[in-house]
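Below: one structure, written as structure tokens.
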Amino acid sequence: MYGLVLEGGGARGSYHIGVYKALMEEGIKIKGVVGTSIGALNGAMIVQGDYDKCYELWNQITYSMVVDVDDEEIEKIIQLKLAKDDLRFIKEKIKEFIGHKGFDITPLKRLLDEYIDEEKIRKSGMDFGMVTINLSEFKPLYMFVEDIPKGELTQYLLASAYLPFFKAEKLGGKRYLDGGFYDNLPYRMLLNKGYKDIILIRTHAKGITRRLYLPDTNAVLISPSGDLGRSIEYDRNRARANIKMGYYDGLRALRGLKGQRYYIVPKENKDYYFEFLLKIKDEDIRRLQKILKLPQIPYKRSLFEDIIPKICSLLSIDKDYDYEDILIYLLEKKAEKCKIDRFKIYTFEDLLSKVADKKITNNKEEVNPLNKLMEKVDILPIFNREETILEVADIIFGNDNCN
């Protein structure tokens, strides 16, 4: 049984939901959940067994479900499509914000009352905890559900997510602040409970995240492979995209898929990538030597002694690289440039077949006069790094080498 840690992050919390979908599909059993801010809110719905309800909520999320605003006006502000009347509206809202000392979060309170079932959580048999800061007493609070008085769970969930720009008010006679300002990834709560198997889901939102120290544990860290947007971006389209990313990032971690942007099934044959490199034609090795400004020594020797190390330097790959790392990284670069859908599980051959007949770089001598100058001084133009990487990928994954 695993413990699950959900990092705070406001609207970025939609990512949690995608990862949890992957956990369920892979049969991962969760015994306890802890989180901060939106991590606590999502965690509550997971513990009470209402994942589907939480998933639908994020699929329909809007700004007005969190704070008292007009969604159409917010969208205009974001898109910068403002008329004079809109500017007057913004002016009035700013006055209202200052007058009330923050946003009215009545919609969020209603949301918690509607979606959180305290009785289900208490009867779930699962550990559930959260973090908040008690401003009235100037101290952080790490609380499990058994530490919270009955009937007050939603109040403490709200306290865990209480941001400074929310309308200032007391909860139960005290003032609270979002727990992310003290501990945005409260994994120590599970360590202190004796958990050894822990899954941590990051959002990389602003906040205080304690240095990860997980000795003698089986820890799985799942982080976003792309931009999750802003913490205040309560937009359903962004949320749906984050859910999809979370799902595939979760599968990557759980199944040991390869790749940084794409999701590639690892090879059982560990010699596959070495053999792939051996098939690169001599004339293409010569082209690589020229592009990378390398001496023209015998082909296969040059490939492994000079070309591969130079490519690793371009890719900023650690010295402990293997041929799989190099080829997958290059293939991802080309696939991304070709705008191949990344949210799909591929074999190496599957992804290769989608890019092999696509040339994505031009002849630099024809289009870039500066490159002619670089030829004379025999150094690699580091400011053309991306272009050089793509040209290398074009050669290695060209039709002639892929057949």
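The values are calculated or read from the model by the stated rules, or taken from the named source; none is laboratory data. Fair warning: this is a prediction, and the values are worked out from it, not measured in the lab. Cβ placement follows ideal geometry from the backbone for every residue including glycine, while neighbour counts extend to all protein chains displayed. The area values use the complete protein model at the heavy-atom level, side chains included, leaving out ligands, DNA and RNA. Shrake-Rupley method; radii C 1.70, N 1.55, O 1.52, S 1.80 Å.
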Among the residues that make up the stretch 263-272, is at least one of them over 36 Å from the mean Cα position of the chain (by Cα) and open to solvent by less than 20 Å² (accessible area, probe 1.4 Å)? no
Those residues of the stretch 17-65 that are under 16 Å from Asp113 (Cα atoms) and of a type in the set (Lys, Arg) come to a total of 1
In the stretch 152-168, what count of residues is obtained for those that are touching a helix residue (DSSP H, G or I) at 6+ places or on another chain (Cβ under 7 Å) and either surrounded by fewer than 21 Cβ atoms within 10 Å (Cβ to Cβ) or in a helix (DSSP H, G or I) (or both)? 6
Considering the stretch 333-358 alone, what residues qualify as being open to solvent by 10 Å² or more (accessible area, probe 1.4 Å), within 15 Å of Val392 (Cα to Cα) and modelled with pLDDT of 90 or more? Lys333, Glu336, Lys337, Cys338, Leu352
Need pairs with beta-carbon distance below 7 Å; first residue farther than 16 Å from Asn269 by Cβ and within the stretch 346-360, second among the basic types (Lys, Arg) and in a helix (DSSP H, G or I); sequence gap 6+ or separate chains. Val355/Lys334; Ile360/Lys334; Ile360/Lys337
Which pairs have Cβ atoms under 7 Å, sit 6 or more apart or on different chains, and link a residue in the stretch 295-318 that is in a helix (DSSP H, G or I) to one that is open to solvent by 50 Å² or more (accessible area, probe 1.4 Å) and of a type in the set (Phe, Trp, Tyr)? Cys312/Tyr321
Quick one: what pairs do we get from the stretch 101-114, first residue under 13 Å from Ala44 (Cβ atoms) and among the hydrophobic types (A, V, I, L, M, F, W, C), second open to solvent by less than 10 Å² (accessible area, probe 1.4 Å) and part of a helix (DSSP H, G or I), C-beta under 8 Å, 6+ apart or different chains? Leu112/Leu157; Leu112/Leu158
Among the residues of the stretch 132-149, are any in a helix (DSSP H, G or I), surrounded by 17 or more Cβ atoms within 10 Å (Cβ to Cβ), in contact with a Pro (Cβ under 9 Å, 6 or more places away or on another chain) and without any contact (Cβ under 8 Å) to a residue 60 or more places away in the chain? no
Given the conditions (1) outside any helix (DSSP H, G or I); (2) more than 20 Å from Asn42 (Cα to Cα), which single one is not true for Arg252? (1)
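Identify the residue in the stretch 174-208 that is assigned to a loop (DSSP other than H, G, I, E, B), touching a residue at least 12 places away in the same chain (Cβ under 8 Å) and open to solvent by 50 Å² or more (accessible area, probe 1.4 Å) and, among all such residues, is nearest to Lys109 (Cα to Cα).
Arg175
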